[in-house]
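Reviewing the structure listed below.
The values are calculated or read from the model by the stated rules, or taken from the named source; none is laboratory data. Given the structure is predicted, the values throughout are model-derived calculations rather than measurements. Using ideal geometry, Cβ is built from the backbone for each residue, glycine included, and neighbour counts are taken over all protein chains shown. Keep in mind that these areas ignore ligands, DNA and RNA; they rest on the heavy atoms of the full protein, side chains included. Shrake-Rupley method; radii C 1.70, N 1.55, O 1.52, S 1.80 Å.
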Amino acid sequence: MSALQPLVRRGSAKIIKDDTVCNHAVAEATKIAAAYQSHNIDNKVVVAPGQVPVTATRGPELKLSPLSSYDTMGSGTLLERCLRDILKVIKPLGGDVTARYTIISDLRTVVGSIDCLKGATVEPFGSFVSNLYTRWGDLDISIEVPCDSLVSSTDKTNKQNFLREIRKVFRRRGLVRDLRLFLHARVPVLIFESNLHNISCDISISNLLCQIKSRLFFWITGIDERFRDMVLLIKEWVKSQQINDPKNGTLNSHSLCLLVIFHFQTCEPPILPPLREIYEGNIADNLTGARVIAERAIQDTCSANIERFKTNSFRNVNRSSLSELVVSFFRKCSNLNMLASEYAICTYTGRWEHRSTSTKWTNDYPLFIEDPFEHTDNTARTVSMSELGRICEVFNEAYQGLVSSDDHDRTSLICSLVRHPISTKIISPHSNQGLFSGASTRYYPGQFRGGATRYRPLSDALPPSQNQFNNMQTESDEATIIAIRRELAQLMLKANTRNKPRSVR
C-alpha cells in the first residue's frame, strides 16, 4: 500500500511506493493537489408553465456564485481524505452482510412455522438490497404472501393479522427484543431488534413495490460509484444533525437518496440522467399481472437504458471530487425552502417542476419530493414547515463551516460530519477509550477551529445503539499504518509550509 495517497480525485493521485514519507513525497502530493482546482458547480434550471427557465438558487436571478473560497489545494484535499476515512468505518464489512442474511434465514424459519403464511417468502428490500446501508443500518424485510404466480395484493386487514401472528411466534421463541407493532401506519410494520446481531429490523407484508424501488437504487449505484459514497456520507451526517427523523418532521432516508440523485442530476455536467431515461412510466402502475414477467420487463428496460447512458461517448463527464460534491450539496440544500413553496423536486424529469404543472403536487406539503417510481407519492410528506427551515439552516451552517475557515484540521472536519462514537473510531483507530461512554463524558466540537459557525452538539443527537458499535471491528493494521503515514505527511506538509522562506518584495 502507498505511504501517501492524497485522494484528491479518483485516479488522480500517484501512489508512492517508498515506505519512507519524505519531503519529496509531500511535495509531489502538493503538486497533484494543485493540479485539480476546477469546480463543477451546478447551475441547473427550474421550469414553470409558460415561463423562461431560471436558475434554481439564491439572489434576484437565483444564481449560484462560484465556490471561490473552497480551495482544493488546502481544505478540499483534507476534506477528501476525511471523507474517505469516514467511508472506511461506515461501509459494511463481510460480517455485517452475513449477520443480515442470518436474520433473514431465521425469519424464514419463523414464517414457515405459521399456518396462515405457508408458502410465503421472506425477501429483503430497502438499503440492504440497494447497497446504500451503513454498518449499523436497519434491515427491511417483506413477507410476500403467495398469490399463485401473480403480484400479491394483500389488503390491510390481512397484513395486520399476519404481523400479529409473527409477533406471537417471536414472543414465544424469545429470538428478538423491543417488539413494536404499528398496525395503523400507512404501511403496517413490525419492528424489532435482533438478539444475536443487535440489528434493527422492519417487517412488512407484500411490499413488492418497495423491493423494486430498492433494486432501482442498486442499479443506479452502478452508474457512478460516487453516488453510493455520497448517500452513505449524507446519511451519517443527517443523523449527527438530527434531521433524519420523519416522526419529528424531518427527512426520511428515501427522500435523502432522492435529494442526492437530484443533486447529481443538476450538477454541470450532470452525473445522473433524469430517471425517466432509465424507466419511463409509473412503476407502481406497471407492477401487475404475472410477477416474474412484470419484474423481468422492468429489469430489462432499466438495464438497457442504464447501459445506453453509460456508453454514450458524446456525454460530458463530470469529474468533480467527492469533497466538491459534498460541499455543493450542502449549499444547494440550504436553499430548499426558497423554492419549495412553488416547486417540486422531480428526479423523474431531473429538475424543479412548478407545482401547478400537476394536480398531484399540492401545496399541502412544505416540501414535495416526488417519488419517481410512484408519482402520486411525496417522499417528504412528513417534513413540517418549522423543521424545513431548521433543515435548511443546518445545511447552510455545514456549507458555511466548510468554506469560511482557512484553519480546518482533520479532527474538526471529521467531528462535524459524523456522530461522536464514529469520530472517535476514525480519529483514534487503536483506542476505544470513551467510545462507548455515557452522554456526560461525550465531547463534540461545536465549530471549526477559527470559524464562527456552530454545529449542533452531538450530545443532543441520537447515536447508534451501544451494542451496534460494540460489533464494529477494529481496522486492519495495514489500514492503521496508512492512516498514521497520512497524518505524518500532513504534519510534514505544514512544517514545510511554515519553514518555507518568504519572498522579499
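What helices (runs of 4 or more DSSP H), lying completely within segment 258-342, carry at least 3 residues that are in contact with a Leu (Cβ under 7 Å, 6 or more places away or on another chain)?
On the way: elements: 283-286, 291-310, 322-333, 336-339.
Where helices (runs of 4 or more DSSP H) fall fully within segment 258-342 and carry at least 3 residues being in contact with a Leu (Cβ under 7 Å, 6 or more places away or on another chain), they are 291-310, 322-333.
Filter segment 209-244 down to residues that are part of a loop (DSSP other than H, G, I, E, B) and of a type outside the set (Asp, Glu), then give me how many there are.
So the first thing to find is which residues in segment 209-244 are part of a loop (DSSP other than H, G, I, E, B), and the list is 222-224, 241-244.
Narrowing the set further to residues that are of a type outside the set (Asp, Glu) leaves 222-223, 241-244.
Of the residues in that region, 6 qualify.
Yes/no matrix, rows are residues, columns are (1) modelled with pLDDT under 95; (2) aromatic (Phe, Trp, Tyr); (3) within 18 Å of His197 (Cβ to Cβ):
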{"position": "Ile90", "(1), (2), (3)": "no, no, yes"}
{"position": "Arg100", "(1), (2), (3)": "no, no, yes"}
{"position": "Arg108", "(1), (2), (3)": "no, no, yes"}
{"position": "Lys118", "(1), (2), (3)": "yes, no, no"}
{"position": "Glu123", "(1), (2), (3)": "no, no, no"}
{"position": "Gly126", "(1), (2), (3)": "no, no, yes"}
{"position": "Val129", "(1), (2), (3)": "no, no, yes"}
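Looking at (1) at pLDDT 50 or above; (2) more than 27 Å from Val327 (Cα to Cα), which is the only condition Gly50 fails?
The number of the failed condition is (1).
Which is among the acidic types (Asp, Glu), in contact with a strand residue (DSSP E or B) (Cβ under 8 Å, 6 or more places away or on another chain) and at pLDDT 95 or above, of Asp202, Asp229? Walk me through how you get there before you give the answer.
Working: Asp229 fails: in contact with a strand residue (DSSP E or B) (Cβ under 8 Å, 6 or more places away or on another chain).
The unique qualifying residue is Asp202.
Being touching a residue at least 60 places away in the same chain (Cβ under 8 Å) and either outside any helix (DSSP H, G or I) or more than 18 Å from the chain's Cα centre (by Cα) (or both) is the requirement here; does Val394 meet it?
No.
Do you know which residues across segment 181-208 are open to solvent by less than 30 Å² (accessible area, probe 1.4 Å), in a strand (DSSP E or B) and within 30 Å of Ile293 (Cβ to Cβ)?
Of everything in segment 181-208, those that are open to solvent by less than 30 Å² (accessible area, probe 1.4 Å), in a strand (DSSP E or B) and within 30 Å of Ile293 (Cβ to Cβ) turn out to be Val189, Ile203, Ser204, Ile205.
Take segment 137-180 and flag every residue that is modelled with pLDDT of 90 or more, open to solvent by 70 Å² or more (accessible area, probe 1.4 Å) and part of a strand (DSSP E or B).
Scanning segment 137-180 gives Asp178, Arg180.
For Ser313, work out the one condition from (1) among the polar types (S, T, N, Q); (2) more than 28 Å from Lys91 (Cβ to Cβ); (3) in contact with a Lys or Arg (Cβ under 6 Å, 6 or more places away or on another chain) it doesn't fulfil.
If we test Ser313 against (1) among the polar types (S, T, N, Q); (2) more than 28 Å from Lys91 (Cβ to Cβ); (3) in contact with a Lys or Arg (Cβ under 6 Å, 6 or more places away or on another chain), just (3) comes out false.
Out of all the residues in segment 298-325, which are open to solvent by less than 20 Å² (accessible area, probe 1.4 Å) and either within 21 Å of Gly222 (Cβ to Cβ) or more than 16 Å from the chain's Cα centre (by Cα) (or both)?
Within segment 298-325, the subset open to solvent by less than 20 Å² (accessible area, probe 1.4 Å) is 298, 302, 306, 318, 320-325.
Answer for segment 298-325, where residues must be open to solvent by less than 20 Å² (accessible area, probe 1.4 Å) and either within 21 Å of Gly222 (Cβ to Cβ) or more than 16 Å from the chain's Cα centre (by Cα) (or both): Ile298, Cys302, Ile306, Asn318, Ser320, Ser321, Leu322, Leu325.
Looking at segment 340-348, is at least one residue farther than 22 Å from Lys213 by Cα, modelled with pLDDT under 95, open to solvent by 20 Å² or more (accessible area, probe 1.4 Å) and aliphatic (A, V, I, L, M)?
No.
Within segment 358-391, track down each residue that is outside any loop (DSSP other than H, G, I, E, B) and out of contact with any strand residue (DSSP E or B) (no Cβ under 8 Å at 6 or more places or on another chain). Before you say what the answer is, go through the steps one by one.
Filtering segment 358-391 for residues outside any loop (DSSP other than H, G, I, E, B) gives 369-370, 378, 385-391.
Selection gives Met385, Ser386, Glu387, Leu388, Gly389, Arg390, Ile391.
Would you tally the residues in segment 377-400 being more than 16 Å from Ser341 (Cβ to Cβ) and touching a helix residue (DSSP H, G or I) at 6+ places or on another chain (Cβ under 6 Å)? Full working, then the answer.
Filtering segment 377-400 down to residues more than 16 Å from Ser341 (Cβ to Cβ) leaves 377, 379, 382, 390, 393-400.
Add one more test, that the residue is touching a helix residue (DSSP H, G or I) at 6+ places or on another chain (Cβ under 6 Å), and what stays is 379, 382, 395, 398-399.
Count: 5.
Return the residues of segment 101-121 that are free of Cβ contacts under 8 Å to residues at least 60 places away in the same chain and either surrounded by 16 or more Cβ atoms within 10 Å (Cβ to Cβ) or closer than 20 Å to Gly174 by Cα (or both); say none if nothing qualifies.
Filtering segment 101-121 for residues free of Cβ contacts under 8 Å to residues at least 60 places away in the same chain gives 101, 104-105, 108-109, 111-121.
If the condition is that a residue be free of Cβ contacts under 8 Å to residues at least 60 places away in the same chain and either surrounded by 16 or more Cβ atoms within 10 Å (Cβ to Cβ) or closer than 20 Å to Gly174 by Cα (or both), then Tyr101, Ile104, Ser105, Arg108, Thr109, Val111, Gly112, Ser113, Ile114, Asp115, Leu117, Ala120 are the ones that fit.
Of everything in segment 209-232, what is among the small types (Gly, Ala, Ser) and open to solvent by 30 Å² or more (accessible area, probe 1.4 Å)? Give them in sequence order. Show your work before the answer.
Here is the first cut: in segment 209-232, the residues among the small types (Gly, Ala, Ser) are 214, 222.
Hit for segment 209-232 is Gly222, nothing else.
Restrict the check to segment 345-357 and report whether at least one residue is among the aromatic types (Phe, Trp, Tyr), without any contact (Cβ under 8 Å) to a residue 40 or more places away in the chain and over 24 Å from Asn396 (Cβ atoms).
Within segment 345-357, the subset among the aromatic types (Phe, Trp, Tyr) is 348, 352.
Remaining after also requiring without any contact (Cβ under 8 Å) to a residue 40 or more places away in the chain: none.
Taking every residue of segment 345-357 in turn, none turns out to be among the aromatic types (Phe, Trp, Tyr), without any contact (Cβ under 8 Å) to a residue 40 or more places away in the chain and over 24 Å from Asn396 (Cβ atoms).
Within segment 271-292, track down each residue that is of a type in the set (A, V, I, L, M, F, W, C) and loosely packed, with under 12 Cβ neighbours inside 10 Å. Walk me through how you get there before you give the answer.
Let us first name the residues in segment 271-292 that are of a type in the set (A, V, I, L, M, F, W, C), namely 271-272, 275, 278, 283-284, 287, 290, 292.
Listed by number, the list holds a single entry, Val292.
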